[in-house]
Amino acid sequence: MPLLNKVTIPHAVIVIEDERGVSLIRAWREHLGLTQDEVARRMGVTRQAYLQMESLAGRPRVATLKKIAVAMGVAWEQLRA
């Protein structure tokens, strides 16, 4: 039987997402203690562009999720819900 790669998300991230009603990307950012400016700078985009990515209405493509993940130091699969 093949082993499945399980994506785990810390309970604290889920709590932030649920209690504050924010996106999973924002919950991760807050959990990691990063600002929007820090993540945007690491990605090489403007804060406004990043803000759209982490909004509840945002639907970043996989390529974008991978860039966000690198900027945050997490696996991109952990940013998908």
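The numbers here are math on the coordinates, done by the rules we state, and not lab data. Bear in mind the structure is a predicted one, so any value in this text is a computation, not a measurement. All Cβ positions, glycine included, derive from the backbone under ideal geometry; neighbour counts span all protein chains shown.
Looking across the stretch 41-81, the residues that are under 11 Å from the mean Cα position of the chain (by Cα), within 18 Å of V15 (Cβ to Cβ) and aliphatic (A, V, I, L, M) come down to M72, V74, L79, A81. The residue pairs whose first member lies in the stretch 35-56 and is more than 17 Å from R20 (Cα to Cα), whose second member is in a helix (DSSP H, G or I) and of a type in the set (S, T, Y), and whose beta carbons are closer than 6 Å, counting only pairs six or more residues apart or on different chains, are V39/Y50; A40/Y50. Picking from E38, E30, which residue would you name as being over 12 Å from the mean Cα position of the chain (by Cα) and among the charged types (D, E, K, R)? Only one candidate qualifies: E38. Only a single item in (1) in a helix (DSSP H, G or I); (2) in contact (Cβ under 8 Å) with a residue 12 or more places away in the chain is not met by A63, and it is number (2).
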